[in-house]
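*Asks:* Before anything else, here's the structure in question.
The values are calculated or read from the model by the stated rules, or taken from the named source; none is laboratory data. None of these values were measured; they are calculated from a predicted model. With ideal geometry, Cβ positions are generated from the backbone for all residues, glycine too; neighbour counts draw on all protein chains shown. For accessibility, only protein heavy atoms count, side chains too; no ligands or nucleic acids. Shrake-Rupley method; radii C 1.70, N 1.55, O 1.52, S 1.80 Å.
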Amino acid sequence: MTPRDAIDIRPVSEDGLREWTRALSTGFLRSPEVSDVELEARRGQFLPGRTLGAFDGGRCVGTFRSFPQELSVGGGATVPADAISNVTVSPTHRRRGILTRMMGQDLAAAKERGDVVATLIAAEYPIYGRYGFGPATWTSEWTIDVPRTGLDPRWSGPTDGGRIDLVDGEDVRKLGPELHARLARQQPGAVSRDERWWQVNTGAVRFGGSWDEPFYAVYRSAEGEVDGLVSYEADDKWDAKQPQDTADVNWLIAATPAAERALWQYLCSIDWITKVKTGWRAPDDLLPFFLPDPRAAKLTAHADWLWVRILDVVRALEARPYDSGDSGASGRGLVLEVVDADGFAGGRYRLDVSDAGVGSCVPGTRDAAELTLDVRELAALWLGDESAVRLAALGRVREERAGAALVADALLRTSRRPWCPDIF
């Protein structure tokens, strides 16, 4: 067995991408064969210095990639994020500290660049808490039993003056970015989609294998504004000459509830479709209650989704909006003792929220701590999804002053849950 310190962690050059991609596929239990098409697609996402490999001799046995991202915190504000993806360690080299070394190298570089947070979608829950990440958003998936919805099967279009049209991938690449930007401005937890995202998700850039063109539908309001887009596929299943087709939603984004309602009703109105699988949605999605019978939407999955690692507590807490007016949070403050074993974000911070809902965070305060928590718990609270009272009951935060967890909830929790529509 190769000693730990003999395994080299280093940035991968473009010339090393084939070996790195082979290791990536091996780690995810896919065929290790690397096609020229996939290799070219990988080159298109290559960023010098941010594609790391672990090497045992000349063989790549671990992979890690990061890229720049903007994370929405609500109120139209975003923070720069270090988005982490393609993390693997080959099964022959587990439990040798390879991921710890790659993660430490990347987070140190992100902190040096000035990124406020790091983000990732965790394949497995237990891995990333030890690096200071906490689940900041959750996601849910429903399967709609169309005949049970109570919707009028004769419905043929929106009743609000809007309209739905089928479009192609080229149209989506033109219409999608601005619509997504509108959604992201109002949706805490949303992450940026660059031009390449739209190319990959409409088949303009492919990673090999077959590509089946999905259907795309756009909702335009009565004023002609593009307010919603959906990408979906359908199978072809019949039973005793009766159609039993399922529509699988790849993604659905909407800037208004009217657009959401119209697109879900459209999907449930397609002839032969008896089930609609919604794909990953917000955990408090409006969908079930768009249906006359909400029980027709069966919850089939609920899980953690976007994980966040805070690197700069001051900028993170000052970037997001807070409730103002009579919410009970305005004019209040809280002193947090943040524990960070890796040293990126630990310390004592005083957060104050003005009557206008603007946060001010002072590091190194000498005021007595009121709430002590690990940086991973702060990540779970930061976008407004988790409850400090609940974490205190679980023993994951500690009140140094009675009632501090209630104050944290009044300051940090949001009326709608944060949601990340994307996987990366």
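*Asks:* On the given criteria, is GLU223 open to solvent by 70 Å² or more (accessible area, probe 1.4 Å), assigned to a loop (DSSP other than H, G, I, E, B) and among the acidic types (Asp, Glu)?
*Replies:* The answer is yes for GLU223.
*Asks:* How many residues are open to solvent by 70 Å² or more (accessible area, probe 1.4 Å) and out of contact with any Gly (no Cβ under 8 Å at 6 or more places or on another chain) if we restrict to the range 6-31?
*Replies:* 7
*Asks:* Right, another one. Only one residue in ALA110, ALA41, ALA83 is assigned to a helix (DSSP H, G or I), in contact (Cβ under 8 Å) with a residue 12 or more places away in the chain, farther than 29 Å from PRO3 by Cβ and open to solvent by less than 40 Å² (accessible area, probe 1.4 Å). Which one?
*Replies:* One residue alone meets the criteria, ALA41.
*Asks:* Further question on the same structure: In the range 386-424, how many are of a type in the set (D, E, K, R) and part of a helix (DSSP H, G or I)?
*Replies:* 2
*Asks:* Is it the case that ARG350 is of a type in the set (Lys, Arg), closer than 17 Å to VAL407 by Cα and crowded, with 17+ Cβ neighbours inside 10 Å?
*Replies:* Here the answer is yes, as ARG350 does meet what is asked.
*Asks:* Now for a different question. Just to verify a result, which residue in the range 128-164, among those that are part of a loop (DSSP other than H, G, I, E, B) and open to solvent by less than 40 Å² (accessible area, probe 1.4 Å), is nearest to PRO294 (Cα to Cα)?
*Replies:* My answer is THR149.
*Asks:* Applying the selection to the range 113-127, what residues are open to solvent by less than 40 Å² (accessible area, probe 1.4 Å) and either small (Gly, Ala, Ser) or free of Cβ contacts under 8 Å to residues at least 12 places away in the same chain (or both)?
*Replies:* GLY114, ALA118, ALA122
*Asks:* A follow-up question, please. Enumerate the pairs (first residue in the range 399-412 and without any contact (Cβ under 8 Å) to a residue 24 or more places away in the chain and under 22 Å from SER354 (Cβ atoms); second residue anywhere and of a type in the set (Asp, Glu) and not in a loop (DSSP other than H, G, I, E, B)) with beta-carbon separation below 8 Å, excluding pairs fewer than 6 apart on the same chain, so at least 6 apart or on different chains.
*Replies:* Qualifying pairs under 8 Å: none.
*Asks:* Considering only the range 257-308, state which residues are of a type in the set (Asp, Glu) and open to solvent by less than 20 Å² (accessible area, probe 1.4 Å).
*Replies:* If the condition is that a residue be of a type in the set (Asp, Glu) and open to solvent by less than 20 Å² (accessible area, probe 1.4 Å), then ASP285 is the only one that fits.
*Asks:* Which one of the conditions (1) open to solvent by less than 40 Å² (accessible area, probe 1.4 Å); (2) of a type outside the set (Asp, Glu); (3) in a helix (DSSP H, G or I) does GLN69 fail to meet, given that it meets all the rest?
*Replies:* (3)
*Asks:* Which number in (1) modelled with pLDDT of 95 or more; (2) out of contact with any helix residue (DSSP H, G or I) (no Cβ under 6 Å at 6 or more places or on another chain); (3) farther than 20 Å from HIS302 by Cβ; (4) not hydroxyl-bearing (Ser, Thr, Tyr) marks the one condition that GLY157 misses?
*Replies:* GLY157 satisfies every listed condition except (1).
*Asks:* Kindly establish whether ALA254 is open to solvent by 30 Å² or more (accessible area, probe 1.4 Å) and touching a residue at least 60 places away in the same chain (Cβ under 8 Å).
*Replies:* When the stated conditions are applied, ALA254 does not pass them.
*Asks:* For residues that are assigned to a strand (DSSP E or B), among the charged types (D, E, K, R) and farther than 14 Å from SER231 by Cα, tally how many sit in the range 260-304.
*Replies:* Total satisfying the criteria: 3.
*Asks:* For residues that are part of a helix (DSSP H, G or I) and either touching a helix residue (DSSP H, G or I) at 6+ places or on another chain (Cβ under 6 Å) or acidic (Asp, Glu) (or both), scanning just the range 370-381, find the one that is most open to solvent (accessible area, probe 1.4 Å).
*Replies:* Here the residue is ARG376.
*Asks:* Report the residue count in the range 228-242 for those that are assigned to a strand (DSSP E or B) and either modelled with pLDDT of 95 or more or surrounded by 15 or more Cβ atoms within 10 Å (Cβ to Cβ) (or both).
*Replies:* 7
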